[in-house]
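Have a look at the structure below before the remarks.
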Amino acid sequence: MPRIALATYDPGDRPGKDRDLPVLVRALREAGADAEARYWDDPAADWAGYDLVVIRSTWDYSWRAGEFGAWVERVGGLTRLANPAAVVRWNSDKRYLGELAAAGVPTVETRYIAPGEPAELPGGHEYVIKPTSGAGARFAARYTPDRHGTAVRQLARMHAEGFTAMVQPYLRNIDVSGERALQFFGGRLLHASRKGAVLAPGTPYDAEKVAHPELEPWQPTDTELAVAEKALASVPGSPGLLYARVDLVDGEDGLPG
């Protein structure tokens, strides 16, 4: 009977947001596995005692990126980790977009501003600021050029906390066609979904956002599937992936990337 741990986060005194976790644990047990959910930062967890550790919903990782990275390395050295530690490290910092772009994958034009670098922001179009390590639209905001002062204050706050910022043009097609997420398991498309725009104009960067507004099932187009498959093929160590998600939005040319 294989022992499987589903790594999740500790919600403290609030209800956990991973509503499917108990269902998955139960399904694994019914399939013959000795499965359980464990907080990734539980000091009492014996990770070496599991045959497989699946990173399921470690959703507070971006607040503690250094600590999480060290945990990934440690667990990856003790047992089989899904996905592999090297891929998790690579994926936890969105500067990987530069590598995907270099491999010919259509990506959103992105500039990075690290702590100590000047706050050179766009002056002629709407743009988005968010951290390179983030989830759930945390520290993400949408700006017009006339809100330059607020954007600079956001950068100062992020830099004070050690975050590198990424600055991208706001793609207005997301207000029309939304954002599509293609989910792959074992290298094959399992399902896809579409959600509406997350960042409303004027929403404070430190406000809690609805991460998946107007979520609905989606049938990917051939073009979307081709872009997603090219992105997956460009991931270092991609043959070892158990699961992956590729997010797509339409650029100014109407094509997904």
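Is it true that some residue in the range 222-233 is outside any helix (DSSP H, G or I) and open to solvent by 20 Å² or more (accessible area, probe 1.4 Å)?
no
Need at least 2 residues that are more than 15 Å from TYR143 (Cα to Cα) and of a type in the set (Lys, Arg) per element, so show me which strands (runs of 3 or more DSSP E) inside the range 157-202 make the cut, counting only ones lying wholly within it.
188-195
Within the range 173-208, which residues are small (Gly, Ala, Ser) and open to solvent by 30 Å² or more (accessible area, probe 1.4 Å)?
GLY186, GLY187, ALA197, ALA200, GLY202, ALA207
Can you pull out the residues in the range 47-67 that are of a type in the set (Phe, Trp, Tyr), part of a loop (DSSP other than H, G, I, E, B) and modelled with pLDDT of 95 or more?
TYR50, the sole residue that qualifies.
If you take the residues of the range 242-256 that are under 19 Å from the mean Cα position of the chain (by Cα) and either open to solvent by 30 Å² or more (accessible area, probe 1.4 Å) or without any contact (Cβ under 8 Å) to a residue 40 or more places away in the chain (or both), which of them is farthest from GLY178 (Cα to Cα)?
Selected residue: LEU242.
Here is a list: ALA44, ALA70. Which entry is at pLDDT 95 or above and part of a helix (DSSP H, G or I)?
From the options ALA44, ALA70, the qualifying one is ALA70.
Going through ALA119, ALA135, ALA101, ALA151 one at a time, which residue ends up being assigned to a helix (DSSP H, G or I) and open to solvent by 30 Å² or more (accessible area, probe 1.4 Å)?
Exactly one of ALA119, ALA135, ALA101, ALA151 is assigned to a helix (DSSP H, G or I) and open to solvent by 30 Å² or more (accessible area, probe 1.4 Å), namely ALA101.
For the range 36-61, how many residues meet the condition of being exposed (fewer than 15 other Cβ atoms within 10 Å of the Cβ) and hydroxyl-bearing (Ser, Thr, Tyr)?
Residues in the range 36-61 being exposed (fewer than 15 other Cβ atoms within 10 Å of the Cβ) and hydroxyl-bearing (Ser, Thr, Tyr): 0 in total.
Please state which of the following conditions GLY124 fails to meet, knowing it meets all the rest: (1) surrounded by 15 or more Cβ atoms within 10 Å (Cβ to Cβ); (2) not in a helix (DSSP H, G or I).
All conditions are met except number (1).
Could you check the range 1-35 and list, in sequence order, the residues that are open to solvent by less than 60 Å² (accessible area, probe 1.4 Å) and assigned to a loop (DSSP other than H, G, I, E, B)?
The answer is TYR9, PRO11, GLY12, GLY16, ASP18, GLY32, ALA33.
The values are calculated or read from the model by the stated rules, or taken from the named source; none is laboratory data. Model, not experiment: these values are computed from the prediction. Neighbour counts are summed over all protein chains in view; Cβ atoms, including those assigned to glycine, are modelled from backbone coordinates with ideal geometry. SASA here: full protein model, heavy atoms, side chains in, ligands and nucleic acids out. Shrake-Rupley method; radii C 1.70, N 1.55, O 1.52, S 1.80 Å.
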